[in-house]
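What follows is a set of notes on a single structure, which appears directly below.
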Amino acid sequence: MSGDPRRALPKMDTVLAHPQITEQMRTWGRPLLTEMARRALEDARQAVLDGVPLPPLDDIAAAVTRTVELLTVGRVQEVINATGVVLHTNLGRAPLSEAAREAMLAAAGYSTVEFDLRTGGRGKRGSTANALLRELTGAAGGMAVNNAAAALFLALGAFARDREVIVSRGELVEIGGEFRIPAIMEAAGARLVEVGSTNRTHLCDYVDAINERTAMLMVVHPSNYRIEGFTAQPAVSDLVAVAREAGVPLLHDIGSGLLRGRMGDEPTLEESLKAGADLAVFSGDKLFGGPQAGIIVGDAILVQKLARHPIARAVRIDKVTLAALEATLLAHLSGRQQDLPVLRMLGIPLEELRGRADRLAHELGPQASVREGTGMVGGGSMPAERLPTIVVEIKPHAVTETAMVSRLRACDPPVIVRAERGRVIVDLRTVPPGQDAQVTTSLLKTMC
Ligand SMILES: *Cc1c(COP(=O)(O)O)cnc(C)c1O
């Protein structure tokens, strides 16, 4: 034995000077790389003590960069969504408009989030967004919080704590993850009173359940499922009449924030307010096309009570989101809905999609073909609705479709696609037209 083998361990400075590490240091900085190098050297020292030969410097450097890679690979990164799923839950639901992105950037520094430029005094967070919301919807009150789950939590906590809320058994929705109507009810301290049955609930079921502990009637849009066949659910306007008679408010969770018009059987805000809902709640980042937010509109006094409730502070919207929400509200108000990517993408004419798909397939060659397909709105909206679309189908000769899909994820920016029965499916509906060329390049690179 020629002395202690641990003394042959490279010095920290030597590891940090390794080209692979200096390269990563440019992105992640010295302190992080130093810490990871310290751990790698510790592991090497331990390995030597255990009788394993001393790893070469290159291996130690590789271990360091691998750890840093593992730590940072999951960060939020831009991707190209070529799945055709417009409100892709895992890809951040609604992509934001240019105006919203610019507004977010402007708000990111010092901004007038709670400052009144006219008086130089304190301003009220969200007051402009609330005013725009009232203009847009015609409702007397409006406010925005962190998301729709927070909006419900706030309303239930403020109006139904230790009291009863009546909901149809057909509407005890789970949206995904932790969001379930019975659970949020319990968390907010409200007592859920289920009425009716899974498929049929009648007006008299609600009437019979009303007593002096009743705080609220709640109607929830079953966003992500449909009950079909022998079904019944009273009209919101009839339930409003029951609620009025009982002297309690009716809250309508309309889900995805379609303002008016027709899209599948999505409820619209206009219908909900016209039916007399005291409060209507929806997500900002679904069909409304804005940032993550929970939007509440309706009766001015109720909304004011919500705004003053302590929970409101706990679920308040942050300045950057607020700026994006204002920009989104302005797009709706000024009739420029086409500036909102969600609405633009859902409305792309099939012929336009076909033209882009033809060009892409032509560039890709004989392994690609164009066909009609069915897309999805996504985000739990319109589960029963088929969105006719045009897709490019690729049957790669040299690689399996799963290998190609994962190679596409490793592109810069990553390209997310679907795979079906041995084929890679590309739907350009969700790709900004300016990025078609980039998608083409990445597909060409990964299919052989
Ligand atoms: C999506 C959805 C929610 C949850 O909204 P978040 O903004 O994600 O909290 C609640 N209720 C309904 C009916 C929904 O569709």
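Things to note:
- Selection from S111, L203, A94 lying farthest towards where the dipole of the chain points positive, charges on Cβ: S111
- Hz values of 3J(HN,Hα) by residue in the range 404-409 - Karplus curve (6.51, -1.76, 1.60), Gly and Pro given as x: 5, 4, 6, 5, 5, 5
- MRE, 222 nm, helices only [DSSP H, n ≥ 4, -39500 (n - 2.57), over the chain, to nearest 500]: -12500 deg cm²/dmol
- Restricting the range 22-103 to GluC sites (Glu not before Pro) that sit in a DSSP loop and have at most 10 other Cβ atoms within 10 Å of their own Cβ leaves E78.
- Solvent exposure of the range 1-87, expressed per residue, is 62 Å² of accessible area, with all protein chains present and a 1.4 angstrom probe.
- Mean separation of Cα contacts under 8 Å (6+ apart) over length of the chain, as relative contact order %: 19 percent
- Per residue, in Å², the accessible surface of the range 97-336 once ligands and nucleic acids are set aside, probe 1.4 Å: 46 Å²
- The magnitude of the dipole of the range 275-378, with charges of +1 and -1 set on the Cβ of Lys/Arg and Asp/Glu and taken from the Cα centre, is near 340 debye.
- For the range 59-180, a crude dipole built from +1 on the beta carbon of Lys and Arg and -1 on the beta carbon of Asp and Glu, taken about the Cα centre, is about 380 debye to the nearest 20.
- Residue by residue, the range 78-93 carries 3J(HN,Hα) couplings of 5, 10, 9, 8, 10, 8, x, 7, 5, 9, 7, 4, 7, 10, x, 6 Hz when phi is fed to the Karplus relation 6.51 cos²θ - 1.76 cosθ + 1.60 (θ = phi - 60°); x denotes Gly or Pro.
- Whole-Hz ³J(HN,Hα) from phi, Karplus 6.51 cos²θ - 1.76 cosθ + 1.60, for the range 175-181, glycine and proline x: 7, x, x, 8, 7, 9, 4
- Qualifying trypsin sites (Lys or Arg not before Pro) for the range 373-448 [loop in DSSP, other Cβ within 10 Å: at most 14]: R386, R421
- For peptides 227-238, 256-267, sequence by mean Cβ density within 10 Å, most packed first: 256-267, 227-238
- Carbon plus sulfur fraction of accessible area for the chain, probe 1.4 Å, in percent: 52 percent
- When peptides 155-168, 312-325, 204-217 are sorted by average Cβ neighbour count within 10 Å, with the highest value leading, the order is 155-168, 312-325, 204-217.
- Taking the range 97-336 and dividing mean pair separation by its residue count, relative contact order in percent (alpha carbons under 8 Å, at least six apart): 28 percent
- The chain - charge dipole about Cα centre, Lys and Arg +1 at Cβ, Asp and Glu -1, debye rounded to 20: 760 debye
The values are calculated or read from the model by the stated rules, or taken from the named source; none is laboratory data. Note that the coordinates shown come from a computational prediction; the quantities given were computed from them, not determined experimentally. Heads up, the Cβs are rebuilt from the backbone with ideal geometry, glycines too, and the neighbour counts pull from every protein chain shown. We work out accessible area using only protein heavy atoms, side chains counted, and drop any ligands, DNA or RNA first. Shrake-Rupley method; radii C 1.70, N 1.55, O 1.52, S 1.80 Å.
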